[in-house]
Each structure stands twice: as structure tokens, then as C-alpha cells.
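To start, the structure itself, in C-alpha cells.
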Amino acid sequence: MAVDRDTVAAIARLARIRVSAEQQDALAGELSNILGWIEQLGELDTEGVEPMTSVVAVELPLRPDEVTDGGKRDQVLVNGPEATEAFFVVPKVVE
Amino acid sequence: MSELTSLGLAEARDLLADGKATAKELTEAHVAALETVRPLNAMITETPELALAMAEASDKRRAAGAAGIMDGLPIAMKDLFCTEGVLTTAGSHILDGFIPPYESTVSGNLWKAGAVMLGKANMDEFAMGSSNMTSYYGPVESPWRRPGDNRPLVPGGSSGGSAALVAARAALAATGTDTGGSIRQPAAFCGIVGLKPTYGRCSRWGVVAFASSLDQAGPLTRSVRDAALMLRAMAGYDPKDSTSVDRPVPDYEQALTGDVRGLKVGIPKEYRLDGMPPEIETLWQQGIAWLKDAGAEIRDISLPHTHYALPTYYIVAPAEASSNLARYDGVKFGLREEGADLTEMYEATRGEGFGAEVKRRVLIGTYVLSAGYYDAYYNKARRVRTLILNDFVEAFREVDTVLTPTAPFDAFPIGEKMDDPLAMYLNDVFTVPASLAGLPGISLPAGLSGNGLPLGLQLIGRAFDEETVLRTAEVLERAAAFDALPPVLA
């Protein structure tokens, strides 16, 4: 499947990654090559094969629904690029 | 190279236990060694003061009779493991200034066993790469050179800094992580041992996530015994990682009996690639002969879906990466680039903070997960992954371990293959199948290429049968008697 620059722009928008116009052209070629190569999987008949969900057969463990950690607001905020009092600061979202 | 830095991990342990050196002396020797190999760019953050403090604490523990299994042994930590109070970058610009307020379970296990941290090792950005060229902190140079050719070579990747430091004798051992070959391939390129354990053997908690269904931590060391020792310290059940498996951690060194008589070793015909250098095939045949001489039974086997492993991996891993890397948004940690509104801030931050290979993979992942393509790509890949696992399940009815080359070529000069992602992906053609199947795999140095560079052999085992893999690897290690040293030594 060939990917054009509009498709690159659309995926980049979905992924929230700014991609310059020049990069869009380069990426269109690279992604087309990679996706073209990936498409060889189409040769395989996978009818009736279960998609893998877990590589090692394990039952997910359960634990009592109790608080085991917390009270670390300051530690959570400490790595934020901008934080004030008890909040992360972001550009204005609601007018 | 001083006497103390030329030791193996287990040898150094024995030396400390016998009172012939102190953890402080051993650590000082390695701190000095690190300074001499700085031109390799193998460390992102050196932590000499912390190392010496940990070493002094270790000597006190030993004096009090409370030494752990790795007490006083200085190691490098791949910069993908969160370390409390120490910058953790994942080789990415987007994690600028991130100082974790918590410790990853695996690194915590190592400190509990008494190990000493020398610093945080350079790596491909978010562990995406096979050359260590994608690091925001610059490429790592391998301590190896082609004789008569001074061009710097790649150490492999993504655990390239870890492998270079261990090969150059600047760390006794190092941690790595392996998603599609990121421990085994750099180990092969640098002439050391690299072990990827079974998926679930080591906790992933606190390890910066790349592809969660594949990522697994493991040791890079200079011998099979050292790998056995270090895995024991790293492994174990962790309630904080629901995919870590609750089964006892054996003393892996006990498995190193030197006896492989009657062991059935599978040779998969699909690992013979068109255009593969003849020396890779020759090395493989040599490995077969060594095991046969040691009394193992060699069986030709088929893993029929091998050819499809790499394209499957390049759907599954980017899909998971695109999801995992959504957390880097300029809000909670790391880099922020300003934008007029929230979406622009996200786009600017991620556009600036991610390197070219990471962007490529996040975009591929976003594409294969997007509406209309999810079934055709992602679900298809998950189905093929089941077929690849089934191949191994069938094979392991007949054999106890599988022997293959680790990589289809030796180390290449820094800068090569960067303009062709598909050529770069081929580095992992022999390591990706075991990753997709979650199986343990080890690479050990088995000979030199025509270029005078290390080549590795890989052994793959049944799930949670690291012991057979290690036992067989140690027999091969003795037969190969690999003792070549890189020209750059601390």
C-alpha cells in the first residue's frame, strides 16, 4: 500500500507529531516501503488462527481491591515541565 | 586494563568473598576505567559518587556477614531502567531532565543483591534500533575495529552502550533490554554474552516501555556463568507487573554442569538466508560440530513461518510503541515545546522530542491500528505471531534447544544502513522469532569474522528453561574458547 503525503499528514495528526512538509515527502516514501514489505503477510492463510493475546499462558493475578500506594502528589508533579501548587499547567483549553 | 577490570563478574565475586579485594577497590578501578573509555560515548550519565557510596556500604555489609549474591560488583545500567534520583533518558530528547522518584524493580533487585551502579548506559532512542545510532546523545562506538581500518564501528543496539562498556572492560556486566534482539545482537557485535530471558521472567515495572508484549530485561556479561549469576539477581515475580510470572528463581549457576550428552539440539533450516556471508554458515556448522563432539544429538528441524517473523514484528512492535509513547505529551515529564493551544503544544513537543526512527515507528503503529487497517495489519500480525509460536512449540516436542547464528553479519561502520530502514531491520532477523514467541535466547561469542570482528551463536530454549540454554551455552563457550580482545580497552 503506497502512502502519500496527505496520508502521512493525517497519521501524524492522529499521533500528535508535527511533521514538516519536507519530512512528509520523505516519510511517505519510507512508510510505503515498510508497509509494502509488511504486506507479504498476506501470502499466509491465517483463517481460523487465533490472534495472540499473551505469549506466555498465565492467568492474570488478582489482589484485594485495596489502596496500596499513594499520597505522592509532590513526587508526581516534580517532573512536570510546568506545575503550580497541586496542578500540571497546560495551555488554556476552555475559553 | 587493570587486574581488577579484567575479571569476570563471578570471578570478582569470588575475589571479594575471599577477602582479596574490597568493593571500594573494585569500584575505584571501574570508575577510572570509565574515564578512559569516554570517547566511546557509551555512558549517558556516570554516577561515580553514588558508585563509591554503594561500594562502601557493600564493604560494611560484607564485614557484617550480610553480603548478597552480587555484593560489591560494579555494573552499568541501561538508561531505560528508571533509577530513583538519577537522570533517566531512554536515549531520547523528550525525556529531558526526567529524574524518576522511584526505582525499577529489576534495578532494585540488583541493588538488593548488593550490586554497585557505575552509571546509565547509552542506547538507541526508546530501544528502537540495532546500531545505537538513534540515540539523542549520539552514537556509541564499539571498542572493536577492523584491523588496519580505523573507522568507528557500531556496537549493535539497542543495548549498545551496555555491550560496549562490558566488552571494553569498563563494567563487569550491564543490564540490557531485548524487544527484538536488543541484548543478543549487540552482545554478538561486541564479542560478549547476552541473555534474553523468557517473557515474564523479569519484571518490566519501571522500565521505559517500548513494546510491552515483547520487552524483557536481561544481562550482558563476559561469560555464560556471569549471565547465570546476574539473571538470578534480576529475575523474580513482581506484583507490580501482572505479566511477570510467579515461579521460583533457580540458582542458574547450578545448571552449568558441562554435560550435554544426549541433549537434542535443533538446527532450523529456515535460518539459512540467501546472500548470507558464508562465514556465518561456517560458524554455525562449527557450533554444530562442537555440540556433537560434546555428545549432543543434532536434529534438523523446520520453523516454517520464520520468514514472516520480521514483518510481523514490524507491525506488533510499532503498534504497541505508538500506544506506549502516547504518554510523552509535554505535560507530565520531560520536554515541552510551546504551542498556541494544547494540541499544538503536543504536536510541537513530540515533533521536536522524538528522533527520526521513533517517529517512523510511532507513525507506522498509528497507521496499522487506525480504523480500516486494524484487521488487515494488526490482527493479521497477531495471527501470524500465533503461527510462529506454534512452530517453536512443535519443534520443542523433538528438541531441547535450538542453535542458530545471532546476526546475519558482523558489525558495520557508524553511519551505514541509516538511509535504509529495511536493511537496518535485517540485523534482527534471527533474534526476532524467539522474541515473538517469548522464549529465552542467549548469544555467545564463537569466533571472528574475516574482518576480524566477533560473531555470535544463539541458543533458544523452551519457555522458562533458561537452565538448558545456559548449560548448552557454557559447553559451546568452552569449545569456542573465544579470547580475542577489542583494541579499545579500559
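The values are calculated or read from the model by the stated rules, or taken from the named source; none is laboratory data. Computed from a predicted model, the values in this text were never measured in an experiment. When we count neighbours, we look across all protein chains shown, and the Cβ atoms used for this are built from the backbone with ideal geometry, even at glycine.
Odds and ends about this structure:
- For segment B:128-150, a residue qualifies if it is within 22 Å of B:A33 (Cα to Cα), touching a strand residue (DSSP E or B) at 6+ places or on another chain (Cβ under 8 Å) and not hydrophobic (A, V, I, L, M, F, W, C), and the qualifying residues are B:Y137, B:E141, B:S142, B:R145.
- Flag for B:A381 being crowded, with 19+ Cβ neighbours inside 10 Å, facing chain A (nearest Cβ under 8 Å) and aliphatic (A, V, I, L, M): yes
- The set of residues in segment B:208-222 that are among the small types (G, A, S) and touching a strand residue (DSSP E or B) at 6+ places or on another chain (Cβ under 6 Å) comprises B:A217, B:G218.
- Applying the condition of being closer than 17 Å to B:L110 by Cβ and touching a Pro at 6+ places or on another chain (Cβ under 7 Å) to segment B:163-175 and asking which residue is surrounded by the most Cβ atoms within 10 Å (Cβ to Cβ) yields B:A171.
- Residue in segment B:264-283 that is hydroxyl-bearing (S, T, Y) and surrounded by fewer than 17 Cβ atoms within 10 Å (Cβ to Cβ) present: yes
- One residue alone among B:A67, B:A53 is outside any strand (DSSP E or B) and out of contact with any Leu (no Cβ under 9 Å at 6 or more places or on another chain), and that residue is B:A53.
- Residues in segment B:384-396 include none that are touching a residue at least 12 places away in the same chain (Cβ under 8 Å) and assigned to a loop (DSSP other than H, G, I, E, B).
- In segment B:24-50, the residues that are part of a strand (DSSP E or B) and buried (at least 20 other Cβ atoms within 10 Å of the Cβ): B:M43, B:I44
- Some residue of segment A:1-21 being assigned to a loop (DSSP other than H, G, I, E, B), more than 10 Å from chain B (Cβ to nearest Cβ), more than 30 Å from B:D96 (Cα to Cα) and not aromatic (F, W, Y): yes
- Filtered residues of segment B:223-249 (kept if in a loop (DSSP other than H, G, I, E, B) and in contact with an Asp or Glu (Cβ under 6 Å, 6 or more places away or on another chain)): B:Y237, B:S244
- Segment B:438-474, subset surrounded by 24 or more Cβ atoms within 10 Å (Cβ to Cβ) and among the β-branched types (V, I, T), residue nearest to the other protein chains (Cβ to nearest Cβ): B:I460
- Qualifying positions in segment B:319-362 - closer than 28 Å to A:I38 by Cα, more than 7 Å from chain A (Cβ to nearest Cβ) and free of Cβ contacts under 8 Å to residues at least 40 places away in the same chain: B:A326, B:R327
- The set of residues in segment B:385-421 being under 18 Å from B:Y271 (Cα atoms), away from chain A (no Cβ under 14 Å) and in contact with a helix residue (DSSP H, G or I) (Cβ under 8 Å, 6 or more places away or on another chain) consists of B:D400, B:T401, B:V402, B:L403, B:T404, B:P405, B:T406, B:A407, B:P408, B:F409, B:D410.
- Criterion (modelled with pLDDT of 95 or more, part of a loop (DSSP other than H, G, I, E, B) and within 9 Å of another protein chain (Cβ to nearest Cβ)) met by exactly one of A:V49, A:V93, A:V58: A:V49
- So B:I94, is it surrounded by fewer than 24 Cβ atoms within 10 Å (Cβ to Cβ) and of a type in the set (V, I, T): no
- Residue match in segment A:63-80 (condition: in a helix (DSSP H, G or I), more than 8 Å from every other protein chain (Cβ to nearest Cβ), modelled with pLDDT under 95 and more than 25 Å from B:N324 (Cα to Cα)): no
- Test: residue in segment B:7-23 that is part of a loop (DSSP other than H, G, I, E, B), under 21 Å from B:V193 (Cα atoms) and among the small types (G, A, S): yes
- Options B:L363, B:L342; residue that is out of contact with any strand residue (DSSP E or B) (no Cβ under 9 Å at 6 or more places or on another chain) and surrounded by 20 or more Cβ atoms within 10 Å (Cβ to Cβ): B:L363
- Residue within segment A:23-43 that is assigned to a loop (DSSP other than H, G, I, E, B) and either among the acidic types (D, E) or at the interface with chain B (Cβ under 8 Å from one of its Cβ atoms) (or both) present: no
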